[in-house]
Every structure is written in C-alpha cells, then in structure tokens.
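Reading through the structure tokens given below for one structure.
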Amino acid sequence: MSSTVLTVIFLVISNVFMTFAWYGHLKLNDMGVSKSWPLYMVILFSWGIALLEYCFQVPANRIGFEGNGGPYSLIQLKVMQEVITLVVFVIFSLIAFEGFALRWNHILAFILLIAAVYLVFMK
C-alpha cells in the first residue's frame, strides 16, 4: 500500500480514537455508564483511548512526512489531520448525540476548510 493512502487511513483511524477519547465520555455519561465515575477515572479512561490514537497518529506522520520519504509536507499533514478530525467529529456527533444538527454556517466552515486543503496542496 502506498504511503499516500496509508497515511490517510492511519489519520482517519487515529481521529476516530481521538474523537472517542475527547467526546465519548460525554455519551457514556448520558447513557449512565460513567455518571458516577470520579473525574480522574474519566480522564484515565480517555487517556487509554488516546493511547490508541497515538498508535496511529505518530506512524501516519512518520510515514507521510516528506522528510521521511513520504509525500506530504508538514503543513499538508496538519491541514489534512484537521479536516479529517472535523469530518469524524461531525459523523460521531450526528450518530451519538440527539439534537446535534448541521447548520448553514457549519457547512460554510467545511467548504472553507476544503478550500484550505486545496490551497495547502497548491505548488
């Protein structure tokens, strides 16, 4: 598999774990699973999930970075990661949280982010 594709796949996987680490505890609280957990338990739980995020994020950056023979500059990696983060977050939020809705300003923000990706990849 090419480093181009592998980098993107690893970034998507890492951002799925990141989203669960950062926001999954809120859903667990809504479901009553972690409602009685002390804050330090919620933090440790989230850190455990975040460890899995790092197991994909770090290799994605190492494989994808042009300084290591990959196809992407540092800024390209960062902008791609941010866009992937927001896409994963929106999908997660639409599935996990009732009442979450995309509004016109959210859509416009995503269009501007896509424009940012386009600009960062221009030669």
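The values are calculated or read from the model by the stated rules, or taken from the named source; none is laboratory data. A quick note: this is a predicted structure, and the numbers were derived from the prediction, not measured. Neighbour counts are summed over all protein chains in view; Cβ atoms, including those assigned to glycine, are modelled from backbone coordinates with ideal geometry. In case anyone asks, the SASA skips ligands and DNA or RNA and just uses the protein heavy atoms, side chains included. Shrake-Rupley method; radii C 1.70, N 1.55, O 1.52, S 1.80 Å.
Conditions tested, residue by residue: (1) modelled with pLDDT of 95 or more; (2) closer than 20 Å to L94 by Cβ.
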residue	(1), (2)
T7	yes, no
V12	yes, yes
V16	yes, yes
F20	no, yes
D30	no, yes
L51	yes, no
C55	yes, no
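Please identify the pairs in which a residue from segment 38-51 that is in contact (Cβ under 8 Å) with a residue 24 or more places away in the chain has its Cβ atom under 6 Å from the Cβ atom of a residue that is in a helix (DSSP H, G or I), counting only partners at least 6 apart or on another chain.
S46/A21; S46/H25; I49/F17; I49/F20; I49/A21; A50/A21
Which residue out of L11, L28, L86 is over 24 Å from L112 (Cα atoms) and assigned to a helix (DSSP H, G or I)?
L28
When you look at L94, is it open to solvent by less than 70 Å² (accessible area, probe 1.4 Å), of a type outside the set (K, R) and in a helix (DSSP H, G or I), yes or no?
Criteria not met by L94.
Mind listing whichever residues of segment 68-83 are open to solvent by 60 Å² or more (accessible area, probe 1.4 Å) and assigned to a helix (DSSP H, G or I)?
Scanning segment 68-83 gives N68, L74, I75, K78, E82.
Can you tell me which condition T4 does not meet? The list is (1) in contact (Cβ under 8 Å) with a residue 24 or more places away in the chain; (2) closer than 22 Å to F121 by Cα; (3) touching a helix residue (DSSP H, G or I) at 6+ places or on another chain (Cβ under 7 Å), and all the others hold.
T4 satisfies every listed condition except (3).
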